[in-house]
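Structure record follows, encoded as structure tokens.
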Amino acid sequence: MGRAFEFRKERKFKRWSAIAKTFTRLVKDVYMAVKESGPDPKNNAKLRAIIQNCKAANMPKENIERAIKKATQNENKDYKEVNYEGYIPGGIALFIQTTTDNNNRTVGNIRSYFNKVGGNLATSGSVEYLFDHYCHFTIQLKEIILDELEFSLIDFGVEHLHLNKNLLTIVGPFDQFASILSFLENQQIDIVSSGFERIPKKQVKANQKEKDLFYKLLDKLENDQDVQQVFYNLEV
């Protein structure tokens, strides 16, 4: 997969190393899914997928049920999804997804992180267009015939399949998330995890000084309690 994959993997392991932090982010995902489409997983594809992610992270069943209940009863804080976009030296663009109950705190923190590396926040839409929006699923193959599965997934606009031992990663259009999820469920295919990704249409190269600034910013962002995901166009 190359150095870029190894870098992303290292960052992801570092980000999710603390179990409490992992659970906090997943609970926010549950809250937003319930708020968007209700507490019944049967009628809420996004919630079904997030529950599967919770299980993959070894979150206890009672924690999941409690998160759904709190979201239904509005016992949680009033979280909102807010995206931020910005640039740092070297033309490196970042798209940051947050879930926050205090937008003033969040924007203040993120702006300070950018300022410390000589970057700045940008207006909405000035970075987003640099990325393609995808959904992805990781499934267990077991008795699945790969060629037949690939042929079936073409109808959903799936563009990429990546096989790693007995795990298959499926990458498709963002707006086909619910359709692909329903198809996999109807085929009784075990879904290990799922989510969304923003892939840069074009990566930029940077010198070592610019990369150091980027790593410094990324560390700050990934340790912020409100930040859910960070996407960037740097060629690692």
Checklist entry - Do the sum for the chain: with -39,500 (n - 2.57) for every DSSP H run of n ≥ 4, divided by all residues, what is the mean residue ellipticity at 222 nm, to the nearest 500 deg cm²/dmol? => result -14000 deg cm²/dmol
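At R0 = 22 Å, how high is the FRET efficiency between residue 132 and residue 215 if r is their beta carbon distance? Nearest 0.05 is fine. Mind showing how you got there, number by number?
Numbers: r = 24 Å, r/R0 = 1.11.
It comes to 0.35.
Which FRET efficiency value, to the nearest 0.05, do you get for residue 40 and residue 154 by plugging their Cβ-Cβ distance into 1/(1 + (r/R0)^6) with R0 = 35 Å? Don't jump to the answer; show the numbers that get you there.
Values: r = 31 Å, r/R0 = 0.88.
It comes to 0.70.
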Checklist outcome for this item: Pseudo-spin-label distance residue 144 to residue 207, built 7 Å along Cα→Cβ, given in nm, is 4.7
Checklist entry - Taking Rh as the Kirkwood radius, which is the inverse of the mean 1/r over Cα pairs, what is the Rg/Rh value for segment 142-236? => result 1.08
Checklist entry - Of all accessible surface on segment 81-209 at a 1.4 Å probe, what whole percent is carbon and sulfur? => result 48
Checklist entry - According to a simple spin-label model (label point 7 Å from Cα along Cα-to-Cβ), what is the distance in nm between residue 97 and residue 20? => result 2.5
Checklist entry - Which residue, 148, 197, 81, has the most motion in a Gaussian network model of the chain that connects Cα atoms within less than 10 Å? => result 148
Checklist entry - R0 = 30 Å: FRET efficiency of residue 107 with residue 63, Cβ-based, nearest 0.05? => result 0.50
Checklist outcome for this item: To the nearest Å², the heavy-atom accessible area per residue of the chain with 1.4 Å probe amounts to 56
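The values are calculated or read from the model by the stated rules, or taken from the named source; none is laboratory data. Just so we're clear, the structure is a prediction, and the values are computed from it rather than from any experiment. Heads up, the Cβs are rebuilt from the backbone with ideal geometry, glycines too, and the neighbour counts pull from every protein chain shown. Surface areas here come from the heavy atoms of the whole protein model, side chains and all, with no ligands, DNA or RNA. Shrake-Rupley method; radii C 1.70, N 1.55, O 1.52, S 1.80 Å.
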